Structure formats: structure tokens, C-alpha cells
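Notes follow once the structure below has been shown.
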Amino acid sequence: DGIVRNCVNRIVLQAINILIYHYNLQLDFQTIEQVTLQEDEEIESGEDEAKLSEILIIRFMNSYIAAMPNEVAKNWLRFSQYFDFIRDFAWSGEAHIRYMFKKDMIAVLMDFFLDKKSPLVGFSSKKNAVGNNFQSPIFDPLIQTLQILIKKAVFRKNGNNPSTLQQSGEVYELSENAKKCLYCTEFYDKAISIGYHQQSVGIIIQHVCQDNEQISRQICTLIMQGLNKINSDDARAAAPYLEAVSYFVSMYDQYVYKRLEWVFGYPQPLSTSKAVSYTHLTLPTIYSVQISVVAVSLKKK
């Protein structure tokens, strides 16, 4: 069943990508909004294949995403392939990313992920319950999609200047709803405690925390409190928190040393006879390596 859904995903995505690259489509929402009923009938007759392709792709994606709060949520035990398709769509190119930002997909995905803890009241239609006390949904592809989008978003620091972590190429402004979700600590608490795609969670933490002392302090508090609640023998539960710490302390900005102090405490002097020379490494690098080694060793256990 899962294999069949994966194959269907690949076929549909391949067809979409062929049309986008063949006609150089931009997936512009105005293409649909400006189409009158008469023009719609003329387009569907096949006279303008490029415009028809763009309209069909946008309508398909709109319908696909609209199914998330209800039909997808009802089938949460089998919705991994649904989010696989959204992730692979986001990976496919700039037009795909542009469409997802116009659809405010960061807010849409995080609102669905957070469910009743979402800060966006009334943002989407009534959502069905996802998960239960015995099994957690497979949200890894959703987290990966968020990471892809966040790397293309502009995080403003000091009022106007953009963050330095964004990828090259076109970047996009975050909506107010997206900001509310990204600065909601409930997201990080859930993502880290359950252990969803740790690399993606770490990258999201870096983008959100860079040059932001307030959210950095909040996420650090959350991570340290989570670690303190874990039994010392439960290595598997500790690994996601240590992985998050490795990303958290390895950012280079004006608050890098504050983050190190929040996590490790204030440095203490060493005896010169026992001190080891690490002059070729920076302090954040040393701590990041130490935490990464611990996280990897715990995963092996």
C-alpha cells in the first residue's frame, strides 16, 4: 500500500515538473485569479497549453493542501506519503518554493503539526485529532519541508538586516502567521521530545535563534529542562536533545558565548600543568564537537 502511494507520488510529481520546466511556469496565483469563466473555457479547449498547465497545477496543489485538516488527518497512520509529496515538491525548484510561500505553507504545516497547541486560532478548518497515547504520527517529511522553506526565508535581525544563514538565490519574507508559529516553543518541545528528523530540527533552530537573544534563551531553557527530566539510563530519549544542543551552540553571531554559558555554565580555570592546547580551535567548535560525539554515541546505544 505504501509502495503504491510512493509510486503514484513520483509519477504525479514528475508530470508536474515536466510541465513547469517545459513551459517555464512561475506558478503565479494571478494566473488563476484573473481568468474569467469564458477565458477558462477557451483555455481548457487547449488553445493556450502553457496557461492551462499552470492553472491545472495550481488547482491540483490547492486541492491537495486543502485536504490536510480533514481527510489527511483522519488517515494519520498512513499519511507519511502525503507529506513526502509536499517535501519533494518543495525540493523541485524555485517556482515550487514560490508557490509554497504564497500559500503560507510554513504556517499551514506548523498549524497542522501543533494541532490544539497552535498559536493560530481559527487559521484552518476544524482539524481531526492526529495521533494517540500509544503511537505518534510520522511527521519527519513535514519537518523536512519546513527546513527547506525556512532556509529560503528572510529572518530580520536588528529590525532591518537579514540573517546570514539564508541560501543563495531568491529569498522570501515570512508572514505574520509563520512568525507566530516559528516563535512558539511548543513546536520545538514536540519536535525534539519525540525525536523527529533531528538534522532538520537543528537547522530550524539555527535560523530562528540567530541574532535573537529572546528566542535563543527560550529554546535553551526548553532543551535543558527536557534533558533534566530524562532518566540517566535512557540514552535514546536524550539523543534528540543533545543533537539540538549541538546545533544550538554552533551558531556564530553576537550571542554565541551567551549560548555556551547557558548550556555549559561559566568557564572555570584549568591547572596549567594539566591543560591541553586547543588554540587551533574556537570555543564554540570544541563544544559542538563534544556534544556531537555524545549524541552519536547515544544513538548507537
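Worth pointing out:
- Of everything in the range 188-246 that is within 22 Å of Asn132 (Cα to Cα) and of a type in the set (Phe, Trp, Tyr), the residue that is surrounded by the most Cβ atoms within 10 Å (Cβ to Cβ) is Tyr188.
- Qualifying residue in the range 120-138 (condition: part of a loop (DSSP other than H, G, I, E, B) and modelled with pLDDT of 95 or more): no
- Matching residues, the range 235-266, being touching a Lys or Arg at 6+ places or on another chain (Cβ under 8 Å) and closer than 19 Å to Tyr188 by Cα: Arg236, Ala239, Phe248, Val249, Met251, Trp262
- Meets criteria (touching a Gly at 6+ places or on another chain (Cβ under 8 Å) and assigned to a helix (DSSP H, G or I)) for Ser216: no
- Qualifying position, being touching a Pro at 6+ places or on another chain (Cβ under 6 Å) and modelled with pLDDT of 80 or more, among Val256, Val245: Val256
- Look at the range 57-80: where a residue is more than 26 Å from Arg98 (Cβ to Cβ) and in contact (Cβ under 8 Å) with a residue 24 or more places away in the chain and a partner is among the aliphatic types (A, V, I, L, M) and open to solvent by less than 40 Å² (accessible area, probe 1.4 Å), sitting 6+ places away or on another chain with Cβ atoms under 6 Å, you get Ala73/Val130; Trp76/Val130.
- Ser80 being more than 30 Å from Asn24 (Cβ to Cβ), touching a Gly at 6+ places or on another chain (Cβ under 8 Å), open to solvent by less than 30 Å² (accessible area, probe 1.4 Å) and not hydrophobic (A, V, I, L, M, F, W, C): yes
- Just one of the numbered conditions (1) small (Gly, Ala, Ser); (2) open to solvent by less than 60 Å² (accessible area, probe 1.4 Å); (3) closer than 19 Å to Cys181 by Cα is not true of Ala50: (3).
- So Leu222, is it part of a helix (DSSP H, G or I) and either touching an Asp or Glu at 6+ places or on another chain (Cβ under 7 Å) or acidic (Asp, Glu) (or both): yes
- Of residues in the range 54-66 being of a type outside the set (Asp, Glu) and open to solvent by less than 30 Å² (accessible area, probe 1.4 Å), the one nearest to Lys116 (Cα to Cα): Ile65
- Candidate set from the range 171-220 (those that are of a type in the set (Val, Ile, Thr) and without any contact (Cβ under 8 Å) to a residue 40 or more places away in the chain); member that is farthest from Val245 (Cα to Cα): Val171
- Summed over the range 96-110, residues that are open to solvent by 10 Å² or more (accessible area, probe 1.4 Å) and either in contact with a Cys (Cβ under 7 Å, 6 or more places away or on another chain) or aromatic (Phe, Trp, Tyr) (or both) total 1.
- The range 116-153 - residue that is more than 18 Å from Tyr188 (Cβ to Cβ) and charged (D, E, K, R) and, of those, surrounded by the fewest Cβ atoms within 10 Å (Cβ to Cβ): Lys126
- Residue count, the range 33-68 (criterion: under 27 Å from Asp111 (Cβ atoms) and at pLDDT below 60): 1
The values are calculated or read from the model by the stated rules, or taken from the named source; none is laboratory data. Everything numeric here is computed off the predicted structure, so don't read it as measured data. Virtual Cβ from ideal backbone geometry, glycine too; neighbours counted across all protein chains shown. In case anyone asks, the SASA skips ligands and DNA or RNA and just uses the protein heavy atoms, side chains included. Shrake-Rupley method; radii C 1.70, N 1.55, O 1.52, S 1.80 Å.
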